[in-house]
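Heads up: the structure comes next, in structure tokens.
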Amino acid sequence: MDSTPVGKDGTTPERRATQTTLARDGDSTVIAQARHLAAGFLTRVQSEHGLPVSRRAMDLTQLVVSELVTNARKYAPGLVLLDLRFPGGLVEIVVWDSYPVVPIVRAADAGRVGQHGLEIVMAVAQGFEGQREPVGKRITARLALADDPDGDISGRPPQ
């Protein structure tokens, strides 16, 4: 018989530590709440699982969360859902909103004011995808928790 404690929600302590969710109306406080949730989640992953989470990974995770939640709040009315997961050595950031159009990265333009959020996310993420859902869309970004030992600041191979 398995003696692992199970919470009221049916999850084990390990499962609760490796995923967390925020569902909020897209009011002006949701971005700060999402950044705070991301920092707390990575702190728990680090302390409860003994995994390295670099300062850079913490900062980049909060940046990506901020950019994705900002876009959801800006373009989609109503609810914004943020789901943070830990599938191994990565943090997976999933943002759902009600707007069905999946964003595309625009060509770099130093003269353009604003609308660089997705470019930033793509520059720092190890993985990125946008997927239409029956209602709205889901955007997923994956970031490494530890710094690249070769010092590659983006975690991506040089191009």
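A few comments on the model shown:
- Local charge for residue 131 was computed over the other residues whose Cβ lies under 11 Å away, with Lys and Arg +1 and Asp and Glu -1, and equals +1.
- Residues whose amide H lies under 5 Å from that of residue 127, counting only those 5 or more places away or on a different chain, are 142; hydrogens are built 1.01 Å from N in the peptide plane.
- Per residue, the convex hull spanned by the Cα atoms of region 28-143 measures out at 108 cubic angstrom.
- For region 28-143: relative contact order, % (alpha-carbon pairs under 8 angstrom, 6 or more apart): 24
- Extension gain for the segment residue 99 to residue 131, taken as residue separation times 0.36 nm less the Cα-Cα distance, is 10.4 nm to one decimal.
- Net charge in the neighbourhood of residue 72 (other residues with Cβ under 14 Å of its Cβ; Lys, Arg +1, Asp, Glu -1) is 0.
- Sum of side-chain charges, residue 24 neighbourhood, beta-carbon under 12 Å (Lys, Arg +1; Asp, Glu -1): -2
The numbers here are math on the coordinates, done by the rules we state, and not lab data. On a predicted model such as this, the values are computed, not experimentally measured, just so you know. With ideal geometry, Cβ positions are generated from the backbone for all residues, glycine too; neighbour counts draw on all protein chains shown.
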